[in-house]
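Read through the structure below, which is laid out as structure tokens, and then see the notes.
The values are calculated or read from the model by the stated rules, or taken from the named source; none is laboratory data. All figures in this text were calculated on a predicted structure; none of them were measured in a lab. All Cβ positions, even for glycine, are placed from backbone atoms using ideal geometry, and neighbour counts span all protein chains on display. Accessible surface is based on the protein model in full, side chains and every heavy atom, while ligands, DNA and RNA are left aside. Shrake-Rupley method; radii C 1.70, N 1.55, O 1.52, S 1.80 Å.
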Amino acid sequence: MEEKYLRLINKAFEIRKMAYSPYSNFKVGAALLCENGKIYEGCNIENGAYGPSICAERVAFVEAVKNDERDFDAIAIVTGPKGADVYDMGSPCGVCRQFMSEFCDDNFKVIMTKMTKEGELLDSKILTMDEILPDRFKLKDFNRL
Ligand code: THU
């Protein structure tokens, strides 16, 4: 694993601690690496009305896009229930896949991790945007926007 991705995983591990998830008790951290080297972070933020809850991945993209970032290399994700000793590998939900797709090319990397609660990386899996959402819908392709 390249050093830049190991660093990204550590950022996702750290921001996971900020998750606001009193309803599911499932905490997620995501760190998004831009082509220019900058990193934006997100955690899941839940809501008592459930529907308005937002995943860590989308929070990271919102942070980046509002800072005028448009070119992305990879996102690292750390998921796990509150209080677990080991955080098993989780993959982005369907809504996040479509959300990320808006800004990512086919080679964008999604880095999923298995970690200990101390932050040791036990396992990882990297899939591309094309692999996690094949034949994706892109309005841009039709409208030449
Ligand atoms: N969640 C994420 O933040 N990212 C994922 O990839 C999967 C799910 C959040 C949504 C909700 O707050 C909690 O995890 C349980 O689904």
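A few notes on this one:
- For the chain: accessible area per residue (Å², 1.4 Å): 55 Å²
- Convex hull volume of the Cα atoms of the chain, normalised per residue: 109 Å³.
- Point-to-point label distance, M1-N143, nm (Cα→Cβ direction, 7 Å offset): 3.8 nm
- DSSP bridge orientation in the chain - percent antiparallel, rounded to nearest 5: 85 percent
- Residue among V86, N107, L6 farthest towards the positive dipole end of the range 3-142, charges placed on Cβ: V86
- Sorting I126, I132 by solvent-accessible area of protein heavy atoms yields I126, I132, largest first, with a 1.4 Å probe.
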